[in-house]
Amino acid sequence: MSQKWFLYHSSEDPFAFPVGEGALKIRLFVQAGQQISCKVIHSDRYDSPGREIPLIMDRVGSAGAYEIHEAIITTDMKRVRYLFYVENKTGEYLWYGERGISENRERAGSFQYAYFHRNVALELPSWISDAITYQIYPGSYNQGTLQGITEKTPYLQELGITVIYMTPIFESPSEHKYNTTDYYKVDPGFGDMDGLKELVSQAHQHGIKVVLDAVFNHSGDTFFAFKDVMEKGENSAYKDWFFIDSYPVTQSPSPNFETFGKAEIHMPKLNMDHPAAADYMIDVAKYWVREVGIDGWRLDVANEVNPLFWARFRRELKAEYPELLLIGEIMHASGPWLRGDQFDGTMNYVLRDAMLEFYAEQTTGPVRFMEQVLHQEALYNDQANSAMFQLIGSHDTLRFLTACKLGGRGWDRESTAERRMRLAVFFQLTYIGIPMIYYGDEVGMEGATDPHCRRPMIWQESGQNSGLLEWYRQLISLRMSHEVLRKGSFCPWFTDEARNVLGYVRQNGPEKMGLIINNSPNSYQLELSPYCTDKNVLTDLLTGLYFENTDKLFVQIEPFGCLMLY
């Protein structure tokens, strides 16, 4: 056999992971462009070799240099031995197991998934499939107070929001509140404990969950423990709560202690390896759940905190509050934090980067965009993908509409900016995971990065983009009306690089929905292969138009338009 191909698999998450009782998803990366078909050959670990059963793997799609193939193995014994058989169209084949690639089955060896232990990755809050998150920067929302936010819960309910996520509200001398003074006190500028309880109560009455922001990577320099170290030096009982290089502790001309970021002297880094410091912060997290009834934590700079702390954090909080949502702020690929022992999901900035390139900047086409989507999806197990905050902007980024106006093809990029943003919102609200809307995006707010992206919310109707607001309402309503958009899998349908058009399918059991996006200034008639065969007519849920669904599906799509075929 002269032909050899690149193949990759590992018998651990995210290449092998339980997806239900007695069900194991297997994921294989295969060299792109070779037209390879794949089978996983599996049996109970204790069966005699040769008793394995072949199972055809589905080709999910291309992620650039590699293709993704998947299959679900079912077993009553909770243990699996398996290997792969791959073949191209000319009949050339290879075996692939834990010993590598071989023309000989026995020499390839077998992968082992020794036992299906109780899978903590499956233990997600029951409510996340219905979640639509709305991020609020409290000082810029309504009167800059918790009471002001409470007064707007009817507005959020009408929009279709089911989760409020607020950046830090605890006492701090700064405007952004990420340098905490007192973790047990609401900042007086926002209100007090009673005001927070009222906000949570009103939100819950409107069917809205509340997620708060916790900063456990660093504190403020006015935090009692750091002040004690500043005053007492080596004699402080809290000196090991931080990373002090020498004594006495000084902040200028440069700090002699570790900080957040580049010498942010007002944000000393916390040592979560220290038992007392860890105990303190875990008690803080439990306190606000117990006393106020919040529904989750978003955890700041989570990737710079020892993972052992997060494992303990999850274990202890989930033991008392199993429905609590835990979201880590990680602005890069976050697979190691999403294996079921730390976070439910993270803020998906990797997906946002792909959306910026395709919709706002238009520096990539639909093929590259779909490759990026599948690549980042393949980095995580299914449960983590379902719990990701899927955002197009936040308090740390420029507004998406601004990005669209700064980028895009052609001389009239500003005139097409809103339509390209609408396409991005369409994708965001028809994709897997938890859509996260940054306050004001729904009314067309603009702004470069901090502080411009944190400007006060526009409440005057004359200053709002009413058409964009209605677009958000319509898409959220459709997502909530169709379970396939909340719980279905994601699968590429087609990409048309020349036309800058793409399509994908959401599927939940027998239910399917086809989504098409035209990211170009031209209208097109597309001839497509049907994605479902059990319907003679498909309806575009956005417009009510009908399309005949025969052996060929013909659709008309407007410039910068989209279709939701059901």
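The values are calculated or read from the model by the stated rules, or taken from the named source; none is laboratory data. Since the structure is predicted, the reported quantities are computational estimates derived from the model, not experimental observations. Backbone-built Cβ (ideal geometry, glycine too); neighbour counts: all protein chains shown. Heavy atoms of the whole protein, side chains included, go into the accessibility calculation; ligands, DNA and RNA do not. Shrake-Rupley method; radii C 1.70, N 1.55, O 1.52, S 1.80 Å.
In the chain, one over the average inverse separation of all distinct C-alpha pairs is 25.7 Å, which is the Kirkwood hydrodynamic radius.
Its Cα gyration tensor gives the stretch 337-401 an equivalent ellipsoid; the semi-axes, largest first and in whole Å, are 23, 16, 7. Rg and Dmax, both from the Cα atoms of the stretch 91-208 and both in Å, are 25.2, 72.
Only Cα pairs under 8 Å and 6+ residues apart enter the sum, and on that basis the relative contact order of the stretch 513-566 stands at 53 percent. For the stretch 307-359, the spread of Cα positions along the three principal axes, ordered from largest to smallest, is 42, 21, 14 Å. So what's Rg/Rh here for the stretch 445-566, counting alpha carbon atoms and using the Kirkwood radius for Rh? On the Cα set of the stretch 445-566, Rg over Rh gives 1.05. Based on C-alpha pairs under 8 angstrom that are at least 6 apart in sequence, the stretch 35-128 has a relative contact order of 24 percent. Across the stretch 60-182, Cα pairs under 8 Å and at least six residues apart give a relative contact order of 14 percent. For the chain, with all protein chains in place and a probe radius of 1.4 Å, 48% of the accessible heavy-atom surface sits on carbon or sulfur. Most simply put, the chain has about 75% antiparallel DSSP beta bridges, counting only bridges with both residues inside it. Count Lys and Arg as plus one, Asp and Glu as minus one, and take only other residues whose Cβ is under 11 Å from that of SER466; the net charge is then -2. Mean projected area of the Cα convex hull of the stretch 365-454, taken over all directions, amounts to 6.3 nm². Pairs over the 23 Å Cα-Cα cut-off, from the set LYS487/LYS535; LYS318/LYS512; LYS185/LYS227; LYS197/LYS227; LYS209/LYS487: LYS318/LYS512; LYS197/LYS227.
If one puts a single equal scatterer on every Cα of the stretch 193-280 and applies the Debye formula without solvent, what log₁₀ I(q)/I(0) results at q = 0.15, 0.20, 0.21, 0.23 Å⁻¹? Once normalised to I(0) and log-transformed, intensities are -0.62, -0.85, -0.91, -1.04. With semi-axes defined as the square roots of five times the eigenvalues of the C-alpha gyration tensor, the equivalent ellipsoid of the stretch 233-351 measures 28, 18, 12 Å, largest first.
Mean residue ellipticity, 222 nm, helices only, the chain: the sum of -39500 (n - 2.57) across DSSP H runs of n ≥ 4, divided by residue count and rounded to 500, is -7500 deg cm²/dmol. For the stretch 324-475, the convex hull drawn through the C-alpha positions has a volume of 117 cubic angstrom per residue. Hey, if you drop one equal point scatterer on each alpha-carbon of the stretch 1-137 and run the Debye formula without solvent, what base-10 log of I(q)/I(0) do you get at q = 0.21, 0.22 Å⁻¹? With one equal scatterer per Cα and no solvent, log10 I(q)/I(0) is -1.26, -1.36.
Within the stretch 158-218, all pairs of alpha-carbon atoms sorted by distance into 5 Å bins from zero give the percentages 4, 18, 25, 23, 16, 10, 4, 0.
Taking the centroid of alpha carbons for each part, the stretch 202-279 and the stretch 286-313 are 15 Å apart.
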